[in-house]
Amino acid sequence: MPRSVGVAGHSGAVIRFGDSMGRVTIVFTVVIVAAVIGSIASYQVKPANYEKLLEKQKKFDEAFEKEFYVEHTKYVETGDRSERLEEMFEHIRQKPDMFRLEMDNHPLPYLTAECTACRALITTYLTYRRVLGWDRDRIAEQAASTCTTLNILTAENCLKIVNKNIDILLYIIDNRPSLTAQTICGVIFQSGTCVLEDPSFLNWSINVAGGGRPITGSKTSPNRAAGDLKIIHITDVHYDPHYRTGYNAVCGEPCCCREGQGIPANPANGAGEWGDYRDCDSPWKAVEDAVRAAARQHPDADYVYYTGDIIDHGVWETTVAGNIVSMTRTYQLFRDVFGSKPVYPVLGNHENNPTNVFAPSYIDRSDFSARWLYDFSADQWASWLPAATQQTIRQGGYYTALVRPGFRIIGMNNNDAYTFNWWILYDPAYLQAQLQWLHDTLLQAEAAGEKVHILAHIPIGAGTSYRTWARQYRRILERFWDVITAQFHGHTHADEFNVFYSLSNPQHAISVGFNGGGTVPFSNYNPNYVVYYVNPQSYQVTDFESWYFSLTEANQNPNRNPIWMQLYSFSRDFQLSNVSPASLDGLVRRFASNPAELRRYWEFKVKRGDPFLAAGCAGDCLLNHLCEIVTNEANDDSKCNALGAIFRNLDDELFDEDK
Ligand SMILES: [Zn+2]
Ligand SMILES: [Zn+2]
């Protein structure tokens, strides 16, 4: 069994790249006004002396923040970087792969350095702007230089990403004079020393109606049966129009394999024909192949879900016009391939330009507003969705549609609650409107006796879904656990699921969020899509299976299409009668006392990506994956700790080598 050795072993093994890149670069932008990445994500497995470490780290961060400002100011005045400043930059960028890892899986030392960086950089840039009155261009120039120093992108691309975000960030900072570095980093990282303390960011809520069925136990479901509906779930195609076979896949930037990045001297470093495990998106032929394979293999499917992210990770150079071309081509492909079969799409964080930023609807500056995206989506989706969806799509990119009598879909745009959406900093409570609409829509569905599937791009509970929003969402789940029969997500590119627990009675599992994985390999994954079996009366998912191909094998045979195979059939492979919340909660507890079975789940989760398998996963790496299933809210470790106690106790030998 592959060994997990110390922290490096964990990180190597847990890599869940997902959208980190988009995020990272974005974050970086904050660097501008400031942040890099940071902090101790919610479901990191924490050492026993965590509280003590945190106290020490707080002191360190405070001192670092002050000193960084002093040293950086000297540099800005004289043009010379002191030895100390070089050291401090070195500390911030100490982990070369830091900017490519999914933050939720960052080992503690990374997260700690990231939070330190966030606070130091934001404090410094806030002072430049507010106290020293620096103008836009000066801030932008200096932020681009910091980006370059931290090796995030080339100097040229640093300037591009800064210029794409700087006006929004300055608008927010100038209009929110009480916004501190602590709050900014607290929103972005949500834990560790970057903890959120500002009550206006913590205390907003929505109105939840009384009533609803009392929760008396974990939710069960029927077993899979012959008459079940079949739903195809495709997500995260990340079509890169600049992808070129043979171009540099080890480009040193957050997104590779692109025209303009050159052909490497060593052909082994060239992009594969069908995609690449390294930090690359998908060529059009791979996007087309995946959608066609899903349709060909499941002609009997009733519906198709698409949970977002069509656009590439070249976040420093996306444009509205370019995004429109990529999205039009992709939606047209779905129409061509699936014909009259209904497709239910939602927006990903990459669909907007700049990436990740979804302004409140009352912000009407055309360079800030996402209105172009909402109007475009309303037009594109009109072929699949009823006319009544137009109004909310144009308003905020979300909708509800009755699929058939008794069965409703709610398509959310929860990218607004992604912690890298700068507009949360401007007005955290603007997220109330869509959540209240969700609640009200569920209330009406309940009155009409309907069951509901919720589709959204960002999984709830991950370290990157804003915790106050996640708490309000959980209140909705608690109230409508009986109406909401499944949730479907994307974004992480991992083939995984989340079990949701009751707020009032945490031993009861009340809902499941199914993640479709992604057809893009970014990064280290094999491409996949998922098929669900759904009971036609209760509309609960009774079973699901995943389909994938080996990227290594496909690229060795560039002249024929990839061979799609079944990765797993969930009930069969884990000997379950169904995949209800009760069943999956039971499985999670089984995982805690059976590392071999948990490892199998991990192998499916990473879709047997060769780099993952080579790195392996054991000990804390496995425990991290287990914790990800049960963490419903950033910084809530209760379930993780309970399972961890069983897992570690049982599996002592796996941890011995760690310390
Ligand atoms: Zn995403
Ligand atoms: Zn994605």
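Being within 16 Å of ligand 1 (Cβ to nearest atom), of a type outside the set (K, R) and part of a loop (DSSP other than H, G, I, E, B): is that true of N415 here? Here the answer is no, as N415 does not meet what is asked. Can you confirm whether the range 295-310 contains a residue that is buried (at least 23 other Cβ atoms within 10 Å of the Cβ) and small (G, A, S)? Yes, the conditions are met somewhere in the range 295-310.
Filter the range 472-494 down to residues that are away from ligand 2 (no atom under 16 Å from the Cβ) and either β-branched (V, I, T) or over 23 Å from R408 (Cα atoms) (or both), then give me how many there are.
Qualifying residue count, the range 472-494: 4.
Mind checking whether some residue in the range 495-508 is within 16 Å of ligand 2 (Cβ to nearest atom) and modelled with pLDDT of 95 or more? Checked against the condition, which is being within 16 Å of ligand 2 (Cβ to nearest atom) and modelled with pLDDT of 95 or more, the range 495-508 yields at least one hit.
Does Y548 satisfy the criteria of being more than 16 Å from ligand 1 (Cβ to nearest atom) and either surrounded by 24 or more Cβ atoms within 10 Å (Cβ to Cβ) or not assigned by the TED database to the domain that holds H233 (or both)? Here the answer is yes, as Y548 does meet what is asked.
Contact map, the range 415-436: residues that are under 22 Å from P345 (Cβ atoms) and modelled with pLDDT under 95 paired with residues that are of a type in the set (S, T, N, Q) and within 16 Å of ligand 1 (Cβ to nearest atom), Cβ distance under 9 Å, separation 6+ or inter-chain. Pairs shown: F420/N349; F420/T355; F420/N356; F420/T464. The residue of the range 326-356 that is farthest from the chain's Cα centre (by Cα), among those that are away from ligand 2 (no atom under 16 Å from the Cβ) and of a type in the set (V, I, T), is V337. Surrounded by fewer than 23 Cβ atoms within 10 Å (Cβ to Cβ) and away from ligand 2 (no atom under 16 Å from the Cβ): is that true of W469 in this structure? Here the answer is no, as W469 does not meet what is asked.
Listed conditions (1) within 16 Å of ligand 1 (Cβ to nearest atom); (2) acidic (D, E); (3) surrounded by fewer than 22 Cβ atoms within 10 Å (Cβ to Cβ) are all met by E351, apart from (3). So, N515, is that one touching a Ser or Thr at 6+ places or on another chain (Cβ under 7 Å), under 30 Å from I311 (Cα atoms) and within 16 Å of ligand 1 (Cβ to nearest atom) or not? Against the criterion (touching a Ser or Thr at 6+ places or on another chain (Cβ under 7 Å), under 30 Å from I311 (Cα atoms) and within 16 Å of ligand 1 (Cβ to nearest atom)), N515 qualifies. If you filter the range 456-484 down to residues that are touching a strand residue (DSSP E or B) at 6+ places or on another chain (Cβ under 9 Å) and of a type in the set (S, T, N, Q), you find that the one that is farthest from ligand 1 (Cβ to nearest atom) is S465.
Examine the range 374-393 for a residue that is assigned to a loop (DSSP other than H, G, I, E, B), farther than 30 Å from L159 by Cα and of a type in the set (G, A, S), and state whether such a residue exists. Taking every residue of the range 374-393 in turn, at least one turns out to be assigned to a loop (DSSP other than H, G, I, E, B), farther than 30 Å from L159 by Cα and of a type in the set (G, A, S). Touching a Lys or Arg at 6+ places or on another chain (Cβ under 7 Å), touching a residue at least 12 places away in the same chain (Cβ under 8 Å) and either more than 16 Å from ligand 2 (Cβ to nearest atom) or of a type outside the set (A, V, I, L, M, F, W, C) (or both): does that describe F407? Here the answer is yes, as F407 does meet what is asked. Looking across V343, V320, one residue alone is out of contact with any Lys or Arg (no Cβ under 9 Å at 6 or more places or on another chain), free of Cβ contacts under 8 Å to residues at least 60 places away in the same chain and more than 16 Å from ligand 1 (Cβ to nearest atom). It is V320.
The C-beta contact set for the range 490-511 (first residue under 14 Å from I454 (Cβ atoms) and within 16 Å of ligand 1 (Cβ to nearest atom), second residue modelled with pLDDT under 95 and among the small types (G, A, S), distance under 9 angstrom, 6+ apart or interchain) comprises N498/G461; N498/A462. Each residue in the range 563-594 was checked for being touching a residue at least 24 places away in the same chain (Cβ under 8 Å) and part of a strand (DSSP E or B), and 3 of them qualify. Taking the range 532-545 as the range and being assigned to a strand (DSSP E or B) and surrounded by 20 or more Cβ atoms within 10 Å (Cβ to Cβ) as the test, the residues that pass are Y532, Y533, V534, V541, T542, D543, F544.
For the structure I just gave you, tell me whether E597 is surrounded by fewer than 20 Cβ atoms within 10 Å (Cβ to Cβ) and either touching a residue at least 12 places away in the same chain (Cβ under 8 Å) or assigned by the TED database to the domain that holds T485 (or both).
yes
Checking each residue in the range 631-650 for being within 20 Å of A417 (Cβ to Cβ) and in contact with a strand residue (DSSP E or B) (Cβ under 9 Å, 6 or more places away or on another chain) picks out T631, N632, E633, A634. Scanning the range 401-410 for any residue that is surrounded by fewer than 21 Cβ atoms within 10 Å (Cβ to Cβ), under 20 Å from N323 (Cα atoms), at pLDDT 95 or above and not polar (S, T, N, Q) turns up nothing.
For D309, the requirement of being in a loop (DSSP other than H, G, I, E, B), more than 16 Å from ligand 1 (Cβ to nearest atom) and within 24 Å of Q566 (Cα to Cα) is not met.
Looking only at the range 207-251, which residues are among the polar types (S, T, N, Q) and either buried (at least 20 other Cβ atoms within 10 Å of the Cβ) or not in a loop (DSSP other than H, G, I, E, B) (or both)?
Selection gives S218, S221, T235, N248.
The values are calculated or read from the model by the stated rules, or taken from the named source; none is laboratory data. Just so it is clear, the structure is predicted and the values come from calculations on it, not from any experiment. Please note: Cβ atoms are built from the backbone with ideal geometry, for glycine as well, and neighbour counts cover all protein chains shown.
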